[in-house]
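For reference, the structure is listed below as structure tokens.
Every read-out reported here was derived from the displayed coordinates using simple, explicitly stated rules and does not represent laboratory data. Worth saying up front: this structure is predicted, and the values here are computed from it rather than measured. All Cβ positions, glycine included, derive from the backbone under ideal geometry; neighbour counts span all protein chains shown.
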Amino acid sequence: MKYQYRDREMGERILQKIGDLDLELTLMHVCGTHQDTLIRHGLQGLLADVGVDIRQGPGCPVCVTTPKEIEESLLLAKNGKTILVFGDMLKVPGASSSLSQAKTEGCDVRVVYGVDDGVRIARGIDNDCVFMSIGFETTTPSSAAALKAKTPDNFYVLTCNRLVPPALKAIVQMGEIRLDGLIEPGHVSTIIGSEPYRFISEEYGIPQVIAGFEPLDLLMGVYMLAKQKMKGESKVEIEYTRAVREEGNPKAVEVMDSVFEPTDVKWRGFPVIPDSGQELREEYGSKNARLVFEDILAELEGREFPEPEGCLCGEVLRGIVTSDECPLFGTACTPESPVGPCMVSAEGSCNIVYKYGKMG
Amino acid sequence: MSLILFGLMCLAVPAKVVRIKGDVAEVDFGGVVKEANVSLVDTKVGEYVIIHAGYAIQTLDKKEAEETLEMFREILGDSHA
């Protein structure tokens with residue numbers, strides 16, 4: 001049973017069925033773990049052989065965090081605050097440097113696995129601690145739960161949280177890429193369920209399947225999308241039924257919504273996307289690093305933070321180029337010496353493609 | 001296991017609930033037992049949950065898990081319907 005979702009015979013059968021439909025499809029997923037499964041198991045290439053091209057969209061919370069947000073954390077670090085951050089964020093270059101660089105220069109930057117680690121660190125020291133709260137709907141409820149459960153007075157949050165459905169809407173509206181279907185992220189969907197995606201199928205006629213992360217999950221997800229396409233349907237289906245319910249996790253959503261509220265925010269590679277960010281509600285203002293440390297952060301206001309020169313992370317995040325099409329890929333930009341975030345994060349498309357040495 | 005400890009952002013891993021004490025539970029990742037916050041789910045000892053960044057974000061449906069391949073076969077058999 002353990003490896004049932006990696007059964008080769010079943011995988012070949014699904015690929016055959018997709019091939020039998022004789023369609024040319026361009027699909028997008030928005031999840032680093034999906035990208036890992038696609039590349040690690042060679043599915044990208046196998047699917048290309050049956051006419052399916054899959055792009056990773058803006059599905060990497062670290063990658064879509066903007067240089068400005070990184071600069072905010074750097075400025076707070078340089079002003080003596082302890083920065084608590086997920087390990088994936090450390091080496092991502094901002095406009096001036098990275099948190100990893102700041103750490104080597106003596107700033108107090110500490111890696112945490114989750115928000116509760118950060119709270120524990122804050123309890124143990126007197127210094128002001130700022131948790132860089134990065135993540136989609138999968139992660140934001142944990143930040144919310146920690147804040148609701150009480151945090152020490154020296155614990156603050158720099159919110160970089162984002163919502164997936166508004167970004168999908170932005171991708172569709174930008175129209176840069178033909179999309180025959182969307183593979184929706186399984187773990188985001190454990191929280192939000194299927195309803196928040198429905199408007200994309202109804203208003204834009206795009207089939208969607210919420211898929212799990214094993215090879216057969218993804219192949220089946222693609223087949224379900226191909227079948228919708230063939231039948232001329234567009235709806236949201238759930239392949240990952242063992243973890244995703246239509247209603248999601250209402251308890252987690254309630255906690256998240258009681259602490260955070262949607263706000264307009266820029267994503268790396270995108271313009272400002274309406275209601276796609278998550279900011280702390282007014283009653284949590286005393287925890288909001290942007291309000292509490294407004295004076296320190298004021299110097300960033302009005303400044304422009306350009307993308308690194310030659311970096312195509314924005315295009316990769318919009319699905320219009322693949323990682324290996326970027327001229328910097330594997331030459332000027334490697335995991336050891338990254339130019340853009342997609343090469344840094346273990347969920348970034350470039351990092352994953354570099355790691356496995358192939359696109360499919 | 002190393003993946004769990006490195007803290008990838010959206011990675012989430014199934015684990016079995018061993019003991020619950022308030023909002024915190026001991027959860028078993030196939031032999032390695034760690035603490036996780038279970039305040040976002042309704043769960044009980046013996047159930048499987050998905051852990052992300054130290055929090056259980058959803059319970060796993062054992063019946064659905066066992067029947068997934070059966071569902072796949074049905075969908076495949078249905079392809080020319």
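Result for chain A in a Gaussian network model with C-alpha springs under 10 Å: among A:Arg55, A:Arg318, A:Arg13, the largest mean-square fluctuation is at A:Arg13.
What is the average number of partner chain Cβ atoms found within 10 Å of a Cβ in A:246-254? Could you put the intermediate results ahead of the total?
Details: counts 0, 0, 2, 8, 0, 5, 7, 1, 1.
Average neighbour count from other chains, rounded to a whole number: 3.
Given N residues in segment A:173-317, what is Rg(Cα) / (2.2 N^0.38 Å)?
On the way: Rg = 18.9 Å, N = 145, 2.2 N^0.38 = 14.6 Å.
Segment A:173-317 yields a ratio of 1.30.
Can you give the percent of C-alpha pairs in segment B:2-76 whose distance is more than 14 Å? Roughly 59 percent, rounded to a whole number. In whole Å, how far is the Cα centre of segment A:174-233 from that of segment B:32-81? First find each Cα centre; the distance between them is then 19 Å.
The Cα atoms of segment A:69-190 give a gyration tensor whose axes a ≥ b ≥ c have a/c of 1.5 or more with a/b no greater than b/c, which makes the shape oblate. Which loop-located trypsin sites (Lys or Arg not before Pro) does segment A:155-217 contain, where loop means any DSSP state but H, G, I, E or B and the Cβ has at most 14 other Cβ atoms within 10 Å? Counting only loop positions with at most 14 other Cβ atoms within 10 Å, the trypsin sites (Lys or Arg not before Pro) in segment A:155-217 are A:Arg178. Averaging Cα coordinates gives a centre for segment A:97-114 and one for segment A:309-351; these two points are 22 Å apart.
Kirkwood radius and radius of gyration were both taken over the C-alpha atoms of segment A:126-239, and their ratio Rg/Rh is 1.11. Once you divide the Cα radius of gyration of segment A:183-258 by 2.2 N^0.38 Å, the number left is 1.11.
Stokes-Einstein diffusion coefficient for segment A:255-352 at 4 °C in a medium of 1.567 mPa s, Rh from the Kirkwood formula over Cα pairs: what value in µm²/s? Mind dumping the intermediate values first?
Numbers: Rh = 15.8 Å.
Estimated via Stokes-Einstein, D reaches 82 µm²/s.
Here the mean projected area of the convex hull built on the C-alpha positions of the protein assembly as shown is 20.0 nm².
Give the residue list of GluC sites (Glu not before Pro) in segment A:199-275 that are DSSP loop and have at most 15 other beta-carbon atoms within 10 angstrom.
Sites meeting the loop and neighbour criteria: A:Glu233, A:Glu246, A:Glu247.
Using the Cβ-Cβ distance between A:Ser337 and A:Lys78 with R0 set to 35 Å, the FRET efficiency works out to roughly 0.95.
Exceeding 30 Å between C-alpha atoms, which entries from my cross-link table qualify? They are A:Lys358/B:Lys34; A:Lys287/B:Lys21; A:Lys150/B:Lys34.
Details: A:Lys358/B:Lys34 35 Å; A:Lys287/B:Lys21 27 Å; A:Lys150/B:Lys34 22 Å.
As for pairs spanning more than 30 Å Cα to Cα, those are A:Lys358/B:Lys34.
For segment A:263-327, the set of GluC sites (Glu not before Pro) satisfying both a DSSP loop assignment and a count of at most 12 other C-beta atoms within 10 Å is given as A:Glu301, A:Glu304, A:Glu309. Fewest-first ordering of A:Leu46, B:Leu40, A:Leu219 by other beta carbons within 10 Å of each residue's beta carbon gives A:Leu46, B:Leu40, A:Leu219.
Using per-residue counts of other Cβ atoms within 10 Å, averaged over each peptide, order B:64-75, A:333-344 from highest down.
Numbers: B:64-75: 15.3, A:333-344: 22.7.
Peptide ranking by packing, descending: A:333-344, B:64-75.
When each of A:His41, A:His187, B:His52 is scored by the number of other beta-carbon atoms lying within 10 Å, the sequence from fewest to most is A:His41, A:His187, B:His52.
Considering just Cα atoms, how many Å³ per residue does the convex hull of segment A:313-352 enclose?
Dividing the Cα hull volume of segment A:313-352 by its residue count gives 55 Å³.
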